Amino acid sequence: MEKDLIRLEQVVKKFGGRTVLDEIDLTIHENEFITLLGPSGCGKTTMLRIIGGFETPDEGRVLFDGNDITHLPPNRRAINTVFQKYSLFSHMNVAENISFGLRIKGKPEDFIRDKVRQALKLVNLDGYENHDVTKLSGGQQQRIAIARAIVNEPKVLLLDEPLSALDMKLRRAMRKELVRIKKEVGITFVFVTHDQEEALSMSDTVVVMNQGYIQQIGTPEQVYNEPENAFVADFIGDSNIIDGVMVRDKLVRILGVEFECSDEGFGENKSVDVQIRPEDIVLGAPTEGALNGTVTAVVFKGMNYDITVEAGGFDWLVQSIVGRAIGEKVSVHLDPFNIQIMNKPEYDDERRAAVSEGR
């Protein structure tokens, strides 16, 4: 059974009268890789800073292993942070940077040397003890920052968009490294990003945020394949989100055409949001009774084409390995299991209907 390590209970944080986090409830399990994902200004970094002790909530509390740490300073928490700007000391070499926290704690020199050597081996930088940190690459500097955090043996490592300054190829390589390091050290990772690909490829659990609220909590597969509202569907990957009417169980009307689907329990003749991923759409020849349209744009993306089809007054995004000609007449075909039905939000800001069930 997973052990609850961190709990945020009804956490509220305001800056200048603006509510940045509103009644946040979140549980983080021991040894979990959890990602806080959302657009800029959604509150994810503020939540990370509250967990780390760099901010204090205006309301609510933070529990660590069952103990209230809401007002505990960062240096008294079993938590270390890797910031977006790695904050390495330019006047210190690699070993001095990594050992800084251990020296403050008064650890013996033999202990420090062993710990630094182990940390460098963990981040694949054996033998770099005497290197100048200012002459290292961005990826190497990031590894040193991680080594400096891990050498103190925290129970939790907070990572605030640590990959954002790296180029795409290096970012992808470092994702794999972070997952490997997390597994080897066996501690809890709390990762902040606005990059959906990072969140989906690295995490055990993804927390999708917007406007200070948690929109959905789930595995990468759940938030991608079963989004709980239009915001999550649109933010996680490409989506076609359309107004629909749930005629009855397993039958939905989209743009005047009825499609079989797999969803139940929405009622009859109820307005809903319908999500269809572009890779799940099949284009065919125009047929009577189908949703027919015209190809209006084609973009070659290397492994596939992004095809825009105007059908039923809606511009459909279709992703296919087969190209189409602009002006070509086509029909849109949907597999019932690829049609995701979502309740429309009860409130204008989409928040209350978007909050997932507690974990």
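Restricting attention to the stretch 75-84, does a residue exist that is open to solvent by less than 10 Å² (accessible area, probe 1.4 Å) and part of a helix (DSSP H, G or I)? No, every residue in the stretch 75-84 fails to be open to solvent by less than 10 Å² (accessible area, probe 1.4 Å) and part of a helix (DSSP H, G or I).
When LYS107, LYS85 are screened for being farther than 25 Å from THR193 by Cα and out of contact with any strand residue (DSSP E or B) (no Cβ under 8 Å at 6 or more places or on another chain), only LYS107 passes. Out of the residues in the stretch 98-124 meeting the condition of being open to solvent by less than 90 Å² (accessible area, probe 1.4 Å) and not in a helix (DSSP H, G or I), tell me which one is farthest from PRO74 (Cα to Cα). Step by step, filter the stretch 98-124, then rank; the result is ASN124. Considering only residues in the stretch 125-142 that are surrounded by 15 or more Cβ atoms within 10 Å (Cβ to Cβ) and of a type in the set (S, T, N, Q), the one that is farthest from SER87 (Cα to Cα) turns out to be GLN140.
VAL232 falls short on exactly one of the conditions (1) more than 26 Å from VAL12 (Cα to Cα); (2) at pLDDT below 95, and that condition is (1).
Pairs are defined by a Cβ separation below 7 Å, a sequence spacing of at least 6 or placement on different chains, a first member in the stretch 258-285 that is under 23 Å from VAL223 (Cα atoms), and a second member that is of a type in the set (Phe, Trp, Tyr) and crowded, with 18+ Cβ neighbours inside 10 Å; the pairs so defined are VAL272/PHE266; ILE281/TRP316. Within the stretch 196-243, being in a loop (DSSP other than H, G, I, E, B), under 17 Å from GLY41 (Cα atoms) and open to solvent by 30 Å² or more (accessible area, probe 1.4 Å) holds for one residue alone: GLN211.
Taking the stretch 292-305 as the range and being at pLDDT 95 or above and crowded, with 16+ Cβ neighbours inside 10 Å as the test, the residues that pass are ASN292, GLY293, VAL295, VAL298, TYR305. Among the residues examined, LYS3 qualifies as out of contact with any helix residue (DSSP H, G or I) (no Cβ under 9 Å at 6 or more places or on another chain) and among the basic types (Lys, Arg).
Can we say GLY41 is open to solvent by 70 Å² or more (accessible area, probe 1.4 Å), among the small types (Gly, Ala, Ser) and modelled with pLDDT under 95? Spelling it out, it is not the case that GLY41 is open to solvent by 70 Å² or more (accessible area, probe 1.4 Å), among the small types (Gly, Ala, Ser) and modelled with pLDDT under 95.
For the stretch 249-259, the count of residues that are under 22 Å from THR46 (Cβ atoms) and out of contact with any Cys (no Cβ under 6 Å at 6 or more places or on another chain) is zero. Among the candidates LEU166, LEU170, LEU178, which residue alone is farther than 22 Å from ILE24 by Cβ, in contact with a Gly (Cβ under 6 Å, 6 or more places away or on another chain), assigned to a helix (DSSP H, G or I) and not aromatic (Phe, Trp, Tyr)? After applying the criteria, what remains is LEU170.
Kindly evaluate ILE79 against the criterion of being within 19 Å of LEU5 (Cα to Cα) and in contact (Cβ under 8 Å) with a residue 24 or more places away in the chain. Yes.
For the stretch 154-161, state whether one or more residues are part of a loop (DSSP other than H, G, I, E, B), open to solvent by 20 Å² or more (accessible area, probe 1.4 Å) and either among the hydrophobic types (A, V, I, L, M, F, W, C) or closer than 30 Å to ALA233 by Cβ (or both). So far as the stretch 154-161 goes, yes, one or more of its residues are part of a loop (DSSP other than H, G, I, E, B), open to solvent by 20 Å² or more (accessible area, probe 1.4 Å) and either among the hydrophobic types (A, V, I, L, M, F, W, C) or closer than 30 Å to ALA233 by Cβ (or both).
In the stretch 85-97, of all residues being of a type in the set (A, V, I, L, M, F, W, C) and in a loop (DSSP other than H, G, I, E, B), the one that is most open to solvent (accessible area, probe 1.4 Å) corresponds to PHE89. Taking the stretch 44-70 as the range and being closer than 15 Å to LYS155 by Cβ, of a type in the set (D, E, K, R) and crowded, with 17+ Cβ neighbours inside 10 Å as the test, no residue passes. Screening ALA145 on (1) at pLDDT 95 or above; (2) touching a Phe, Trp or Tyr at 6+ places or on another chain (Cβ under 7 Å); (3) within 22 Å of THR81 (Cβ to Cβ); (4) surrounded by 21 or more Cβ atoms within 10 Å (Cβ to Cβ) shows it passes everything except condition (1).
The criterion of being modelled with pLDDT of 95 or more, over 21 Å from ILE236 (Cα atoms) and either in contact with an Asp or Glu (Cβ under 7 Å, 6 or more places away or on another chain) or among the β-branched types (Val, Ile, Thr) (or both) does not hold for LEU283.
The values are calculated or read from the model by the stated rules, or taken from the named source; none is laboratory data. Please read all numbers here as calculations on a predicted model, not as lab measurements. Backbone-built Cβ (ideal geometry, glycine too); neighbour counts: all protein chains shown. For the accessible areas, the whole protein counts, side chains as well, though only heavy atoms, and no ligand, DNA or RNA atoms are used. Shrake-Rupley method; radii C 1.70, N 1.55, O 1.52, S 1.80 Å.
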